[in-house]
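Novice: Right, I'll just put the structure down here and ask away after.
Nothing in this text is a laboratory measurement; each read-out follows from the coordinates by a stated rule. Model, not experiment: these values are computed from the prediction. FYI the Cβ positions are ideal-geometry reconstructions off the backbone, even for glycines, and counts take in every protein chain you see.
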Amino acid sequence: MGAGNSSQIYQGSGWKLLFPSWIIIGIFLLAPVLMMGVYSFLTKEFRGGVIWQFSLDAYDQFFFDRGLFGDEPPRLEWTYIGIFWRSIWQAGLATIACLLIGFPTAWFIATRNPKSRSTWLFLVTIPYWVNLLIRTVSMKFLIRDTGPLNEFLLSFGIIDAPLGLINTNFAVQLGLFYSYLPFMVLPIYAAVERYDFSLSEAAADLYAGRWTILRLVILPVVKPGIVAGCILVFVPSLGAFLAPDLLGGAKTFMIGSLIEEQFKGNAGNWPFGAAASMILLTIVMCVLLVYARNQNKVEAR
Amino acid sequence: MASPEIAVSVDQVVKRYGNVTALNGVSLDIRENEFFTLLGPSGCGKTTLLRAIAGFEDVTEGHIRLKGQDLVDQPPFKRPVNTVFQQYALFPHMSVTENVLFGLLRKSWSRQDAERRAQDVLELVQLSDFADRKPGQLSGGQQQRVALARALAPRPEVLLLDEPLSALDLKLRQAVRMELKAIQRETGIAFIFVTHDQEEALTMSDRIAVMSAGHVQQVGTPKEIYETPVNRFVADFIGETNLLDVQVLSVTGGLAQVLMPGNRNFKCPAAAVVNAGPGHLSVRPERISVCAEAAGDLSATVIDHTYLGTDIQLHVKLVDGEAMSVRLQNAETTLMPETGVVVGLSLEAGAARLLAD
């Protein structure tokens with residue numbers, strides 16, 4: 001027998017070589033999720049922490065309203081479902097905004113000459129060398145009523161009164177958009193860079209105008225990049241708490257803030273926070289599963 | 001005004017990219033229902049010209065007319081010509097049928113008519129069984145035929161083909177040549193075919209335009225291009241030839257009197273632009289025969305043989321040191337001179353041609 005290929009050489013010792021990755025996955029992925037899962041079924045202690053006693057109270061509190069003293073017949077509790085719904089919707093709008101700006105940006109970069117592309121990509125990532133918290137606080141200062149944006153517009157007489165951007169849904173979306181834009185740009189860039197521009201020529205040759213080419217050829221071909229970008233923006237936006245906390249008000253409360261509150265200080269309710277996390281995780285998993293299913297179907301065809 | 005049988009008329013087209021001139025005043029008439037080939041080495045401007053006809057390149061100067069109508073200001077999607085691309089450029093997310101339907105639906109055919117037409121063209125290229133496959137599931141040859149079907153479906157006035165066979169392997173390429181020619185006859189539209197492969201050009205074309213350095217060197221039938229090249233470039237590019245440096249004594253009525261290396265006189269046809277003085281005599285290796293030294297137009301020393309199966313190639317050296325090659329048919333009766341022997345070479349009357357540079 002010859003030297004053999006690597007798969008033969010390492011056959012049988014595969015699990016040993018995979019050990020480091022299993023440790024990483026175990027410690028940083030499975031263990032925390034498992035802990036959350038277990039905590040969500042425990043009884044709360046009033047100053048934070050848990051009592052090791054099985055209870056469904058956390059989930060019950062999330063979905064049902066049993067009155068002030070817990071003795072009324074259960075009614076569906078809309079408060080938390082509402083917060084979830086608002087979060088999905090905010091994250092969705094932020095994703096759409098990222099897509100609308102990110103796609104042309106990625107297209108622009110991918111169609112520059114190969115030498116300057118890396119420079120453009122570098123420029124896109126520069127703001128992200130600064131901590132997310134600092135960027136979000138800066139955004140707050142920029143758009144508040146006495147901030148540079150309003151003062152600039154006022155001094156030029158473009159507006160008569162401050163825009164009142166802060167503490168609105170729009171401000172939250174702006175924050176989310178700014179936080180996660182590169183996650184949209186990079187995968188789309190990767191897809192557009194691989195796009196064969198002779199496909200556009202072929203479409204033009206077959207009597208398609210510009211918009212038809214975009215709709216029927218370019219978008220379907222770079223779709224994997226677009227979907228990846230949307231997931232990478234939507235998922236973290238859904239659980240984000242910095243942007244809604246700092247830029248939004250009480251009315252723009254999102255899941256991230258709700259969960260954060262349960263674990264902060266003495267006022268928290270750990271099992272409830274864990275239950276909300278598990279529900280969020282489930283939603284995200286569903287989104288990803290639907291995507292994976294679609295992808296498989298496309299490949300199978 | 002172009003006469004009615006001209007499909008595409010290229011009129012003094014110039015294309016410059018910055019300082020580089022890709023097309024330098026090209027004029028051509030492509031007739032209806034003809035298989036027309038643009039042949040030349042890479043960088044000669046043939047692909048640029050094809051892309052200018054398709055509308056992917058703007059021309060710097062000049063006009064391109066399709067059946068008398070100027071195309072120059074029309075965007076590609078308004079020109080009634082279709083292209084078969086070098087790498088096919090099939091839409092990877094669409095099935096074979098959807099690819100073929102694409103152009104038809106953009107030209108607002110009804111769904112029903114378009115589907116019938118798609119079926120017909122897929123039948124023409126013998127791909128009916130693969131209609132529902134994606135391009136990624138087809139072989140190179142099948143993809144090439146999808147590209148052809150897609151371009152033919154909307155009934156273009158002219159079909160443009162940009163080296164469509166170059167991505168295929170040799171065996172397939174030879175089979176597809178005949179098929180392509182048959183399809184051209186069947187559809188009855190003009191094909192403008194770009195290639196750098198002279199064999200491809202000779203076997204398929206009704207007429208060939210040989211291009212080099214942004215100029216058209218010669219336009220003619222394969223026979224004209226091969227047998228009566230107008231200049232040294234064409235003679236050298238098409239097939240194999242011997243180019244001898246000779247002294248032209250006189251030219252009268254297309255016939256030249258020349259002094260061969262070794263100082264023998266020789267009479268041969270001359271290209272139109274040749275004058276007295278130094279010249280080049282082009283003679284194909286298969287148009288030379290070996291004879292006794294005194295009887296030949298040239299005398300030469302045999303250097304080597306190469307066995308080619310159907311032929312034997314003889315490498316010889318003239319008195320002035322120039323190398324020549326002679327092709328002898330591989331037959332019982334062929335006399336094969338030994339290496340080192342001095343022989344006479346006689347050039348077939350009319351087959352040797354005097355050329356300008």
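Novice: Relative to the longest principal axis of the C-alpha atoms of chain B, give the angle of the C-alpha long axis of helix B:111-124, reported between 0 and 90° and rounded to the nearest 10°.
Specialist: 30 degrees
Novice: Excluding residues on the same chain fewer than 8 positions from B:Lys134, give the aspartates and glutamates whose Cα lies under 16 Å from its Cα.
Specialist: A:Glu299, B:Glu98
Novice: Under a cut-off of 18 Å between alpha-carbon atoms, report the lysines in cross-link reach of B:Lys181, not counting same-chain residues fewer than 8 places apart.
Specialist: B:Lys171, B:Lys223
Novice: Let me ask another. Please report, ordered by residue number, every helix of chain A (full DSSP H runs) that is 15 Å or longer along its axis going by C-alpha atoms and whose mean Kyte-Doolittle hydropathy reaches -1.0.
Specialist: Within chain A the helices that satisfy the rule are A:78-110, A:114-125, A:132-143, A:169-194, A:219-239, A:270-300.
Novice: With Cβ to Cβ distances under 14 Å as the rule, what net charge do the other residues near A:Asn269 carry (K, R +1; D, E -1)?
Specialist: -2
Novice: So, one more: Which whole number gives the average, over all residues in A:214-221, of C-beta atoms from other chains lying within 10 Å of the residue C-beta?
Specialist: 3
Novice: Oh, and also: Under a 10 Å cutoff between Cα atoms, tell me which one of B:Ala167, B:Ala270, B:Ala54 has the largest fluctuation in the Gaussian network model of chain B.
Specialist: Looking only at B:Ala167, B:Ala270, B:Ala54, the largest GNM fluctuation is found for B:Ala167.
Novice: So what is the 222 nm mean residue ellipticity for chain A from helices alone, if each DSSP H run of at least 4 adds -39500 (n - 2.57) and you divide by all residues, rounding to the nearest 500 deg cm²/dmol?
Specialist: Here the helix-only value at 222 nm equals -21000 deg cm²/dmol.
Novice: With angles folded into 0 to 90 degrees, how steeply does helix B:140-152 sit against the dominant principal axis of chain B? Use alpha carbons for both and round to 10.
Specialist: Roughly 70 degrees, rounded to the nearest 10.
Novice: Can you give the net charge of the other residues whose Cβ lies under 12 Å from the Cβ of B:Leu138, counting K and R as +1 and D and E as -1?
Specialist: Net of charged neighbours comes to +1.
Novice: So, by mean Cβ neighbours within 10 angstrom, what's the order for B:243-250, B:349-356 with the highest one leading?
Specialist: B:349-356, B:243-250
Novice: Continuing with the same structure: How far is helix B:170-187 tilted, in degrees, relative to the longest principal axis of the Cα atoms in chain B, given as a value from 0 to 90 rounded to the nearest 10?
Specialist: Compared with the principal axis, the helix lies near 60 degrees.
Novice: Average partner chain C-beta neighbours within 10 Å, per residue of A:195-203?
Specialist: The shielding value for this peptide is 6.
Novice: Still on this model: For a protection proxy built on the mean count of beta-carbon atoms within 10 angstrom, sort A:84-93, A:114-123 highest first, please.
Specialist: Result, highest mean Cβ count within 10 Å first: A:84-93, A:114-123.
Novice: Rounded to the nearest 20 debye, what is the charge dipole size of region B:137-251 about its Cα centre when +1 sits on each Lys and Arg Cβ and -1 on each Asp and Glu Cβ?
Specialist: It comes to approximately 440 debye.
Novice: By per-residue mean of other Cβ atoms within 10 Å, what is the highest-first order of B:330-340, A:157-167, B:271-281?
Specialist: Most protected by this proxy first, the peptides run B:271-281, A:157-167, B:330-340.
Novice: May I pose another question? So, counting K/R as plus one and D/E as minus one, what does the shell of residues with Cβ under 15 Å around B:Phe193 add up to?
Specialist: With Lys, Arg at +1 and Asp, Glu at -1, the net is 0.
Novice: Give the cross-link partners of B:Lys15 among the lysines, using a straight C-alpha distance below 28 Å as the criterion and excluding same-chain residues fewer than 8 apart.
Specialist: Within the straight-line cut-off, B:Lys15 pairs with A:Lys115, B:Lys46, B:Lys67, B:Lys78.
Novice: Which residue, chosen from B:Thr60, B:Gln217, B:Thr195, occupies the Cα position most advanced towards the positive end of the dipole of region B:6-227, where the dipole is computed from +1 (Lys, Arg) and -1 (Asp, Glu) charges on Cβ about the Cα centre?
Specialist: So the residue we want is B:Thr60.
Novice: Write out the chymotrypsin sites (Phe, Trp or Tyr not before Pro) in region A:18-53 meeting two conditions: DSSP loop, and at most 10 other Cβ atoms within 10 Å of their Cβ.
Specialist: Here the sparse-neighbourhood loop sites are A:Phe46.
Novice: Counting only other chains, and only Cβ atoms inside 10 Å, what mean value do you get across the residues of B:80-86?
Specialist: 3
Novice: Apply the a/c threshold of 1.5 to the C-alpha gyration tensor of chain A and tell me whether it is rounded, prolate or oblate.
Specialist: Oblate, because a/c is 1.5 or more while a/b does not exceed b/c.
Novice: Using a Gaussian network model on chain B with a 10 Å cutoff between Cα atoms, which of B:Leu165, B:Leu255, B:Leu152 fluctuates the most?
Specialist: Among B:Leu165, B:Leu255, B:Leu152, the largest GNM mean-square fluctuation belongs to B:Leu255.
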